[in-house]
Amino acid sequence: MHRIPPLRTLPLILAGLFIASSASSAAPVIPEPASDPALSDAAAPAAEMQRVEVAAAHLKSERIELSPKIGTTVYTIDTHMIDALGQGSDTPFNEVLLRLPGVDQDSKASGSLHVRDDHGNVQYRVDGVQLPESITGFGQSIDTRFIEQVDFVTGALPAQYGLRTAGIVDIQTKEGDTAPGGRIGVQVGSHNYLEPSAEFFGSVGKFNYYLSGSYLANSLGIENPLPTSNALHDKTTQEKSFGNLSYFVDNSTRLGLLFGTYNGKFQIPDNPSQTPQFSLIGLSDANTGYSAIPSSQINENQDEVNRFFVLSFQKSLGDLSYQASFFHQYSDLHYTPDVAADLIYLGTASDTLRSNTANGLQLDASFKLNADHTVRAGIDYTRQVTASDNTVSVFPTDSSGAQSSTNPITIIDNSGKTGTLESIYLQDEWHISKPVTLNYGIRYDHVDAFINEQQWSPRLNLAYKMSDSTAFHAGYSRYFTPPPQELASQSSINLYANTTNAPSVPVSDPVRAERTNYFDLGVSQKVGERLTLTADTYYKKIANLIDEGQFGQALILSPFNYAQGYAKGLELSGVYAQKQWGAFLNFTVEKAQGENITSSQSLFSPDELSYIANHYIYLDHDQTISITGGMHYHFGDSQVSTDFIYGSGLRNTPAGGAPNSTELPGYTTVNGALTHTWKGTPFGKVEGRLAIINIFNKSYLLRDGTGVGVGAPQYGASRSLFAGLSTNF
């Protein structure tokens, strides 16, 4: 077990292991190739392999040190934690993150998860490079199996972190090994679940490679709108690939290429027994309730694409190290309506295509001035091109807003935007004394898209190691969070005047950047050799608070602002670790509210806007209490594990009540898994896995279709069984 560094809170590992590293800036001693002619021919290749392996480890350590986490709260996930989860490396990545403090569950349509009562606002970094956001939500695109380690960073963040700041998901990917190998596996389960996957890795001289891919098919792609075991019309297929290629020019220089793809196809689940709301010639009559298309037979679909690559150059020059990267990302989302059915039940049917192309540069550098000061600086530039193409079928209406014809009309509503983001930062890591470190700096961010805004943001983080077993941190950060350009397209509401898609409020001001004062305070305490306890509390005072909601059939979120808001919370966690078994328990209590909606007003009803204008309301994704826990036990070549998730319930709006004024019922899910490894078989090392998700088959409601920006009811999945088999070679 590594010694825990004084400048970080203790990481949380489900497997009961702690991973923490403090990279030295001194270059390691790398053996020279053998020159004695008496040595065998194998000696030189072996020395070269060792040289590359040591250089790779050194440069990886230098890369991690470019982004310090001083004074923040850091929870670390590694392959041991992932292996202890029910589905192992086949676990969706967002569900891996749900086991961490301060992370709440939500439906896929509403953002999938929330960090410290924020909606979205999560930054994903892969090997030190921040990836642009995708329309699909990048968390779903990440394949858990390519992860070597994740540092989940929250709190008052240092200056190198900006734009998306609720949580930093800092991923260190698997890399090629000196010995070639791989893994092939398949997992099957309930809801017609099938997921074959493969990984390959190795090295050729100075070139390292890691490649992975998977294919997923099941019949529960999106949460069921009913409390039944199987949803109607809910099939999905998802394909993912990832590659990490590295070439070591010399002992201190690395060229790297990361790339990934994601293609997802989803059926939108049906909600039967709905009453027709509009009359369509020959197919429905709203007055009699007749419809030729029952709501159980609607055929709506959504296709999603996300692909990216990152080309990096990393150099270490003694006290100076830096990494320069060029990145590209393309994502799109295409919602295909059932035109006739959507007209009958909604009065509008929109064939919607959203696409976003992002290109950019990122440079991070670190220079060790002396033993007490390390200066870090960086710049980021991103250029995004967003397109929104909509073909919308609607009915005409009369002056009172009533449907005036049973023949629909078609409106073409296309728009696009080119925007830029620029950021710079400068900070100093000052070791005031052996137990005290202060990291202070400043950051500048500028956005020019649907808005043109900027901000200078000071950052201050203090870490104090009181003793070998007690560490304390505190911080203040000013944040600037622009609205996501790929979601913030301005609708042409005037096009829909005198139609069934006309908004009740004919105003849609642009979404502005959120500005936050963030305070964080935490402590960690080691009790004996096996138990570690942590506590962290935070408070956020927010102007132009950004929230998001689903306001149509397409699973596309639309952002909007509250004029002001706040969020506060307390996180407690404990980890107990022994050689053969370990356990963890996390407890979170939080509260988030906002007042006065000041943008995208056309998405809301007049009554909602009027009430919220003068009242603080709970954010729809606020959940008062979240508890997660679990344990595992190794015996021989087997492991048994279990974990649970409890949530007190997201917000909803009761009939005739104030928006988001009540909570949905609480829920608990318990999961379990058994794995066994057979070594030395003709097929290599073989692992078998059996898992049960939601053991007690508790039907629980994530959303009931009410609340501000909530599109439809969604239930958590019923009990599911999984079996997997994989071989390593």
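Before moving on, here are some points about what is shown:
- Across the chain, the mean sequence separation of Cα contacts (distance under 8 Å, 6 or more residues apart), normalised by length, yields a relative contact order of 13 percent.
- Sorted peptide list for 86-98, 218-230, criterion being average Cβ within 10 angstrom, highest first: 86-98, 218-230
- Solvent-accessible area of the chain (1.4 angstrom probe, protein heavy atoms only): carbon and sulfur portion equals 59 percent.
- Gain on full extension, evaluated as 0.36 nm per residue between residue 685 and residue 580 minus their Cα-Cα distance, stands at 35.7 nm.
- Paramagnetic reach from residue 192 (point 7 Å along Cα→Cβ, amide N under 19 Å) across region 283-327: 296-304
- Structure-derived Rg and Dmax of the Cα atoms in Å: which label, when the choices are [x] 26.4, 98; [y] 32.1, 109; [z] 28.8, 93: [x]
- Normalised contact order of region 322-392, rounded percent, pairs of Cα under 8 Å and 6 or more residues apart: 35
- A Förster radius of 25 Å, combined with the Cβ-Cβ distance separating residue 263 from residue 148, puts the computed FRET efficiency at roughly 0.55.
- Nearest-0.05 FRET efficiency for residue 607 and residue 719, computed from C-beta distance (R0 41 Å): 0.55
- Distance between modelled label sites at residue 661 and residue 430, nm, 7 Å Cα→Cβ extension: 5.1
- Axis angle, to the nearest 10 degrees, between helix 43-65 and the longest C-alpha principal axis of the chain: 50 degrees.
- A full extension of the chain between residue 530 and residue 453 corresponds to an added length of 22.8 nm, given 0.36 nm per residue minus the alpha carbon distance.
- Centre separation in Å (Cα based) which lies between region 361-380 and region 387-421: 50
- Residue 381/residue 251 FRET efficiency (R0 35 Å; Cβ-Cβ; nearest 0.05): 0.70
- An ellipsoid equivalent to region 239-335, defined through the eigenvalues of its Cα gyration tensor, has semi-axes of 56, 11, 9 Å when rounded to whole angstrom and sorted largest first.
The values are calculated or read from the model by the stated rules, or taken from the named source; none is laboratory data. Nothing here was measured: the structure is a model prediction, and the numbers come from that model. Quick reminder, even Gly has a Cβ in these numbers, built from the backbone with ideal geometry, and neighbours come from all protein chains shown. Keep in mind that these areas ignore ligands, DNA and RNA; they rest on the heavy atoms of the full protein, side chains included. Shrake-Rupley method; radii C 1.70, N 1.55, O 1.52, S 1.80 Å.
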